[in-house]
Amino acid sequence: MKKLRKYRYKIRFPSRTDNLEMVRDFVHGLAVKAGFVEERADQISLAVDEACTNVIKHAHKFNARRMIDLAVIYDKSQIEIIITDKGKGFDPRKLQKPDLSKYIHEAKMGGLGIHLMKTLMDEVNYTFNPGVKNQVSMVKYINHQQ
Amino acid sequence: MSGFEVSRNDYDHISVLYLSGFLDAHTAPKFEDGLQKLIKEERVKIIVNLKNLDYISSAGLGVFMGFIEEIREKGGDIKLSNLSPKVFKVFDLLGFPALYEIYEDEIQAKTKYSETK
């Protein structure tokens, strides 16, 4: 079987919320290049925004001296985004699906982002090694275009 | 430049916040400030007009969640209007239409407030 040609891109940026717009533009541009329609490229960049926001808030606790590594790899069949940090990991698998009415009552705001990531992407996987390397990898398939 | 703006218009007992640009974890505090100011001034019948909002992430949705109970306890509400299909989709994915009144335009939201005055 002929091997699919893979395209790889990488950026490293300081862990600050004012970089989110740049990250969305970067990922959106590559998703379109990979062959996703505009609406699906929007969904991919939203999922990446959510993942980076989680790293900035929870893993790095808004410490702007920390860095985030973001890799985008795509081929004809899919796009994969890998976000790596060396912060204090937290395990989103332990989070329950958010109960919105409870959220309102407790004025809690977390957990919505992870729910969005899972809804928007075809695969979301985490690996943890706090202080060494935490990774979230998200995949979306091109042929699942709605 | 943050790429996000909040402006406000007061009409009788209703206040409208107009959001434009990109509402994410970076810009959400600006929206929070806008809502906090309204609560302080006891202007709790609020419409958030999203006509010019290009983008929202869960950090922006969290602001709606964070204030709604206090506002409703004070006899007010946050009603939403003029959502683009793209922004509505994000609200919809998180189940917001069951918890917030969403109107096609600002006039409809205002009318709703007038009916329940």
Where a residue in segment B:28-47 is of a type in the set (D, E, K, R) and its partner, wherever it lies, is open to solvent by 90 Å² or more (accessible area, probe 1.4 Å), with Cβ under 9 Å and at least six apart: B:Lys30/B:Glu5; B:Glu42/B:Lys74; B:Arg43/B:Lys37; B:Lys45/B:Lys117
Restricting attention to segment A:16-45, and to residues there that are touching a strand residue (DSSP E or B) at 6+ places or on another chain (Cβ under 8 Å) and aliphatic (A, V, I, L, M), which single residue is surrounded by the fewest Cβ atoms within 10 Å (Cβ to Cβ)? A:Met22
How many residues of segment A:14-61 are β-branched (Val, Ile, Thr) and more than 17 Å from A:Ser77 (Cα to Cα)? The answer is 6
Cβ-Cβ under 8 Å pairs, at least 6 apart or on other chains, segment A:5-27 side closer than 15 Å to A:Ala64 by Cα and within 13 Å of chain B (Cβ to nearest Cβ), far side acidic (Asp, Glu) and in a strand (DSSP E or B): A:Ser15/A:Asp85
Matching residues in segment A:94-146 (more than 13 Å from chain B (Cβ to nearest Cβ), modelled with pLDDT of 65 or more and part of a helix (DSSP H, G or I)) number 3
For segment B:43-117, list the helices (runs of 4 or more DSSP H) that sit wholly inside it and hold at least 3 residues that are within 14 Å of another protein chain (Cβ to nearest Cβ); which are they? B:58-73, B:85-93
On the given criteria, is A:Val48 within 13 Å of chain B (Cβ to nearest Cβ) and open to solvent by less than 10 Å² (accessible area, probe 1.4 Å)? yes
Look at A:Phe13 and say whether it is assigned to a loop (DSSP other than H, G, I, E, B) and either loosely packed, with under 14 Cβ neighbours inside 10 Å or of a type in the set (A, V, I, L, M, F, W, C) (or both). no
Taking segment A:76-87 and keeping residues at pLDDT 95 or above and either open to solvent by less than 10 Å² (accessible area, probe 1.4 Å) or over 18 Å from A:Val124 (Cα atoms) (or both) leaves A:Ile79, A:Ile81, A:Ile83
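The values are calculated or read from the model by the stated rules, or taken from the named source; none is laboratory data. Here the structure is a predicted model, which is why all the values come from computation and not from measurement. As a convention, Cβ positions derive from the backbone with ideal geometry for all residues, glycine included, and neighbour counts pool all protein chains shown. Side chains included, ligands, DNA and RNA excluded: accessible areas come from the protein's heavy atoms. Shrake-Rupley method; radii C 1.70, N 1.55, O 1.52, S 1.80 Å.
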